[in-house]
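These notes concern the structure reproduced below.
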Amino acid sequence: MLKKYIPYLWFTIPFFLFSCASHPEFLYLQNLEKEIPINSTNIDAKEFAKIQVFDFLHISVYSIDPVAALPFNPQISSGGGGNSQPEVLGYKIGEDGFLEFPVLGSIKMVGLSLKEAELKLKKEIEVYLKEPVVNIKFLNLKVTVIGEVNKPGTFDLPVENMTILQAIGLASDVTIYGDRTNIIVVREKNGERIIGRLNLLNTEIFNSPFYYLQQNDVIIAQPSALKDTQVNTLNAREILPWVSAGVSFVSLLIAVLR
């Protein structure tokens, strides 16, 4: 009696082992109007990375009189060896948000962009130098991209107005198993930890405060339902031989006892 149902077991087993899942959409910014060839948006309000506590800054001061500018520039270390590259010395922003700068003393820098900081220092230095030029750059402008990306890691940012899309590009894009509608950005700012979520498939990301990155942001690409399907499929493949052996054993047992 039981024997006649055994062939049907082979057709029913896959339904229990494998689950069907639709593939997620991989098209970024899906809601752009296809009929409009050019989408123009004012980006004058784009956000640059702001100076935060414990940041390291490289500051150079130039003047028409190079000798007069020397007190405003730290000595460059040779690194110790004869062939060693010069070590770039930086200024650390204190916990109170102030920078200790030669001649000028304590200057509050936290919350300023690099451009704003350059203008502020230039105004202070003009008391001592004629037509000074101030250049400031971050020495710790980095972001970390982890999760379902092709090349996770920590990356140095070449500019202080880096976007989430550029950072995803540095990590060689989200994998096919990543959820592009659920990209998490972890940010520490002013003593607070802030978590934001971005949907790369929607143009609303351009309006998000997390679209432009800040130093030390952590970007996490979450796995999609397709990832769960893949894991379940792999698990099913591992147990399928055991199921097959079990069915064969039952068939043999029925044949013997018949």
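I'm trying to understand the selection: among the residues of segment 154-166, which are under 21 Å from ALA117 (Cα atoms) and in contact (Cβ under 8 Å) with a residue 24 or more places away in the chain?
LEU157, GLU160, ASN161, MET162
Given the criteria of a type in the set (Ser, Thr, Tyr), modelled with pLDDT of 90 or more, surrounded by 15 or more Cβ atoms within 10 Å (Cβ to Cβ) and touching an Asp or Glu at 6+ places or on another chain (Cβ under 8 Å), does SER106 qualify?
On the way: of a type in the set (Ser, Thr, Tyr): yes; modelled with pLDDT of 90 or more: yes; surrounded by 15 or more Cβ atoms within 10 Å (Cβ to Cβ): no; touching an Asp or Glu at 6+ places or on another chain (Cβ under 8 Å): yes.
Against the criterion (of a type in the set (Ser, Thr, Tyr), modelled with pLDDT of 90 or more, surrounded by 15 or more Cβ atoms within 10 Å (Cβ to Cβ) and touching an Asp or Glu at 6+ places or on another chain (Cβ under 8 Å)), SER106 does not qualify.
Could you tell me how many of the residues in segment 151-200 are part of a loop (DSSP other than H, G, I, E, B), closer than 20 Å to LYS50 by Cβ and of a type outside the set (Asp, Glu)?
Filtering segment 151-200 for residues part of a loop (DSSP other than H, G, I, E, B) gives 151-152, 157-162, 171-173, 175-177, 190-191, 199-200.
So of that shortlist, the ones also closer than 20 Å to LYS50 by Cβ come out as 157-162, 190-191.
Going one step further and asking which of them are of a type outside the set (Asp, Glu), we end up with 157-159, 161-162, 190-191.
The qualifying residues number 7.
How about segment 117-145: which of its residues are in a helix (DSSP H, G or I) and under 30 Å from VAL174 (Cα atoms)?
Filtering segment 117-145 for residues in a helix (DSSP H, G or I) gives 117-125.
Selection gives nothing.
Say whether the condition of being modelled with pLDDT of 85 or more and either under 13 Å from the mean Cα position of the chain (by Cα) or within 30 Å of VAL110 (Cα to Cα) (or both) is met by at least one residue in segment 224-235.
From segment 224-235, those modelled with pLDDT of 85 or more are 224; that's our starting set.
Add one more test, that the residue is either under 13 Å from the mean Cα position of the chain (by Cα) or within 30 Å of VAL110 (Cα to Cα) (or both), and what stays is none.
No, segment 224-235 contains no residue that is modelled with pLDDT of 85 or more and either under 13 Å from the mean Cα position of the chain (by Cα) or within 30 Å of VAL110 (Cα to Cα) (or both).
Residues in segment 167-196 that are touching a residue at least 40 places away in the same chain (Cβ under 8 Å), surrounded by fewer than 17 Cβ atoms within 10 Å (Cβ to Cβ) and under 11 Å from the mean Cα position of the chain (by Cα): how many?
Selection size over segment 167-196: 0.
Give all pairs with beta carbons closer than 8 Å in which a residue from segment 129-149 that is within 23 Å of ILE51 (Cβ to Cβ) and not assigned by TED's automatic domain parsing to the domain that holds ILE219 meets a residue that is surrounded by fewer than 21 Cβ atoms within 10 Å (Cβ to Cβ) and of a type in the set (Lys, Arg); count only pairs at least 6 apart in sequence or on separate chains.
Here the result reads PRO132/LYS122; VAL133/LYS122; VAL134/LYS122, each pair linking segment 129-149 to a residue that is surrounded by fewer than 21 Cβ atoms within 10 Å (Cβ to Cβ) and of a type in the set (Lys, Arg).
Failed condition for VAL134, given (1) of a type outside the set (Ser, Thr, Tyr); (2) surrounded by 15 or more Cβ atoms within 10 Å (Cβ to Cβ); (3) under 16 Å from PHE210 (Cβ atoms), with all others met?
Result: VAL134 fails condition (3) only.
If I filter segment 91-101 down to residues being assigned to a loop (DSSP other than H, G, I, E, B) and touching a strand residue (DSSP E or B) at 6+ places or on another chain (Cβ under 9 Å), which single residue comes out as surrounded by the fewest Cβ atoms within 10 Å (Cβ to Cβ)? Break it down into steps so the answer makes sense when it comes.
Residues of segment 91-101 that are assigned to a loop (DSSP other than H, G, I, E, B), as a first pass: 93-97.
Next, from what is left, pick out any that are touching a strand residue (DSSP E or B) at 6+ places or on another chain (Cβ under 9 Å): 93-94, 96-97.
Numbers: ILE93: 21, GLY94: 15, ASP96: 9, GLY97: 19.
That would be ASP96.
The values are calculated or read from the model by the stated rules, or taken from the named source; none is laboratory data. This structure is a prediction, so every number in the text was calculated from the model and none was measured. Virtual Cβ from ideal backbone geometry, glycine too; neighbours counted across all protein chains shown.
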